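Read through the structure below, which is laid out as structure tokens, and then see the notes.
The values are calculated or read from the model by the stated rules, or taken from the named source; none is laboratory data. A quick note: this is a predicted structure, and the numbers were derived from the prediction, not measured. Cβ atoms come from the backbone with ideal geometry, glycine included; neighbour counts cover every protein chain shown.
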Amino acid sequence: MERIRVRDISKNYRDVKALDRVNLEFEKGKIYGLLGRNGAGKSTLLKIIAGRIKASDGQVIYDGEALLNDETSRGIYFSEPDNILPESMKVRDFCRYTSQFYPRFNLEEASRILKDFGVDEKKRLNQLSTGYFAIVRSVVALHTRADFIFLDEPTLGHDAVSRELFYDEVLRIYREEENTILLSTHLIDEISNLLEEVIFIDHGRIVLEDNMENMMASYFYLAGPADQIKEIEGSFNVVEKKIDLGFASLLVQGSDEESVLPTGIRKSRAGLQDIFIARSKKNNE
Amino acid sequence: MKLDTQDSKPIYLQIQEGLENAILAGTYAEEMQIPSTTELSRVFQINPATAGKGVNALIDEGFCYKKRGIGIFVKRGAAEMLKRKRKAAFKEMYLLPLIKEAKQLEISKEDLINWIEEADDGED
């Protein structure tokens, strides 16, 4: 599969709008970050794309088709935090079961990787801690080597060491397959170097969607004495302003061109997390 | 080379400059192969597209060239060209900020020159 289009998708739960006219496009061959706070609509969106639940309105188009067929559904793998498998299933059987639907799944290789993470394959899924369950389902998801792999909170409960290992594995599979891997998470800064495309979702709406490089190049901080900041702020597109103890900082949107700044004002790069928080706040105003 | 995610420089630029420094230092000598995008992605845990952007910048600026199906190599004369490029940027990157800070602190030109000489003696 080459492309998934999300067209005007809305989802209502009684009178709550979980998703509000979402439009997105996923191309094969990129790592996406779907970033948002808890309850922003990340999981709902992914469940709709994976065909797990129905949208109240709108369509998802898979390579031009409005419905998932046998072929396109094998082009997608969706891994979610809730266990939808029989609880007594052993890790090893989970791998075997998955490999039946995804022919590129290599059981030996997956088994070796799981061992690197310290997973005992003889354990039943319900015997695993939150962290180990997340490792198992995320590693299994990557090893389907499907064209589109959607990972919802893949590192939930992982410790720092296994998160590092996991990010290595994401990149390795991506380099080998040149497929699409989407990471949906609230651990924003940690995954920012992995991403090529970024999607911010907040209160069921897409707040921002851009190429990672563009996004990082179009926001920066200016910080310095409050009086000096006051003098220059008019000439910038200020997304967020903070003043405390006579110091001020501006999160500015605009090109990172060298502009002549007064002595005492420092320019620095904004992190993905900074941009996200500022945009979410602005969205809620 | 080590990436600094707090650095104000984008990651691809850090990759480019890291490779440039290695070429200047002779770690990657003329006609030697530099690491591939895949290797850089693995070692620095970054998206291969980001690594590729850093490597391509070296090709675009004429310090490296691509051998089809083999990899990226350092061009003959690259270290000399790099030195010229860095010298051209020296004033803007190092001198102007130095002078700006010196002015703010009311350090006289004479003091500044003396300090540079002293510091240089200490280096030898």
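Just the residues that are in a strand (DSSP E or B) and more than 12 Å from chain B (Cβ to nearest Cβ), please, taken from the stretch A:202-218.
Passing the criteria: A:Asp202, A:Arg205, A:Ile206, A:Val207, A:Leu208, A:Glu209, A:Asp210.
Let me spell it out: the conditions are (1) farther than 21 Å from A:Val198 by Cα; (2) at pLDDT below 90; (3) surrounded by fewer than 16 Cβ atoms within 10 Å (Cβ to Cβ), and A:Ile265 meets all of them except one. Which number is the exception?
Failing condition for A:Ile265: (3).
All but one of (1) in contact with a Phe, Trp or Tyr (Cβ under 8 Å, 6 or more places away or on another chain); (2) assigned to a strand (DSSP E or B); (3) among the acidic types (Asp, Glu) hold for A:Asp274; state the number of the condition that does not hold.
Just one mismatch for A:Asp274, condition (2).
Within the stretch A:146-179, track down each residue that is within 22 Å of A:Ser73 (Cβ to Cβ), within 13 Å of another protein chain (Cβ to nearest Cβ) and aromatic (Phe, Trp, Tyr).
A:Tyr174
The rows are residues; the columns are (1) assigned by TED's automatic domain parsing to the domain that holds A:Ile84; (2) surrounded by 19 or more Cβ atoms within 10 Å (Cβ to Cβ); (3) assigned to a strand (DSSP E or B).
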residue: A:Phe26; (1), (2), (3): yes, yes, yes
residue: A:Gly29; (1), (2), (3): yes, no, no
residue: A:Tyr32; (1), (2), (3): yes, yes, yes
residue: A:Gly39; (1), (2), (3): yes, no, no
residue: A:Thr44; (1), (2), (3): yes, yes, no
residue: A:Gly51; (1), (2), (3): yes, no, no
residue: A:Lys54; (1), (2), (3): yes, no, no
residue: A:Gly58; (1), (2), (3): yes, no, yes
residue: A:Ile61; (1), (2), (3): yes, no, yes
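Being out of contact with any Pro (no Cβ under 7 Å at 6 or more places or on another chain) and among the hydroxyl-bearing types (Ser, Thr, Tyr) is the filter; apply it to the stretch B:11-38 and report the residue that is surrounded by the most Cβ atoms within 10 Å (Cβ to Cβ).
If we take residues in the stretch B:11-38 being out of contact with any Pro (no Cβ under 7 Å at 6 or more places or on another chain) and among the hydroxyl-bearing types (Ser, Thr, Tyr), then B:Tyr28 is surrounded by the most Cβ atoms within 10 Å (Cβ to Cβ).
Would you mind finding the one in A:Phe276, A:Phe200 that is modelled with pLDDT of 90 or more, buried (at least 19 other Cβ atoms within 10 Å of the Cβ), within 30 Å of A:Ala134 (Cβ to Cβ) and among the aromatic types (Phe, Trp, Tyr)?
That would be A:Phe200, the only listed residue that is modelled with pLDDT of 90 or more, buried (at least 19 other Cβ atoms within 10 Å of the Cβ), within 30 Å of A:Ala134 (Cβ to Cβ) and among the aromatic types (Phe, Trp, Tyr).
Which condition breaks for A:Val239 when tested against (1) more than 14 Å from chain B (Cβ to nearest Cβ); (2) more than 25 Å from B:Lys9 (Cβ to Cβ); (3) of a type in the set (Val, Ile, Thr); (4) buried (at least 16 other Cβ atoms within 10 Å of the Cβ)?
(2)
Looking at the stretch B:16-59, which of the residues that are touching a Phe, Trp or Tyr at 6+ places or on another chain (Cβ under 7 Å) and β-branched (Val, Ile, Thr) is nearest to B:Gly71 (Cα to Cα)?
B:Ile34
Within the stretch A:87-117, can you find the residues that are assigned to a loop (DSSP other than H, G, I, E, B) and either touching a Phe, Trp or Tyr at 6+ places or on another chain (Cβ under 8 Å) or closer than 18 Å to A:Val170 by Cβ (or both)?
Within the stretch A:87-117, A:Met89, A:Tyr102, A:Arg104, A:Phe105, A:Asn106, A:Phe117 qualify.
Out of the residues in the stretch A:180-201 that are in a helix (DSSP H, G or I) and touching a residue at least 60 places away in the same chain (Cβ under 8 Å), which is nearest to the other protein chains (Cβ to nearest Cβ)?
My answer is A:Leu194.
Mind listing just one residue for me: the one in the stretch B:7-63 that is more than 14 Å from chain A (Cβ to nearest Cβ) and small (Gly, Ala, Ser) and, of those, nearest to A:Asp189 (Cα to Cα)?
The selected residue is B:Gly18.
Going through A:Ser111, A:Ser129, A:Ser138 one at a time, which residue ends up being free of Cβ contacts under 8 Å to residues at least 60 places away in the same chain and in contact with a Leu (Cβ under 9 Å, 6 or more places away or on another chain)?
The unique qualifying residue is A:Ser138.
A:Thr130 passes all but one of (1) crowded, with 17+ Cβ neighbours inside 10 Å; (2) more than 19 Å from the chain's Cα centre (by Cα); which number fails?
Of (1) crowded, with 17+ Cβ neighbours inside 10 Å; (2) more than 19 Å from the chain's Cα centre (by Cα), only one is false for A:Thr130: (1).
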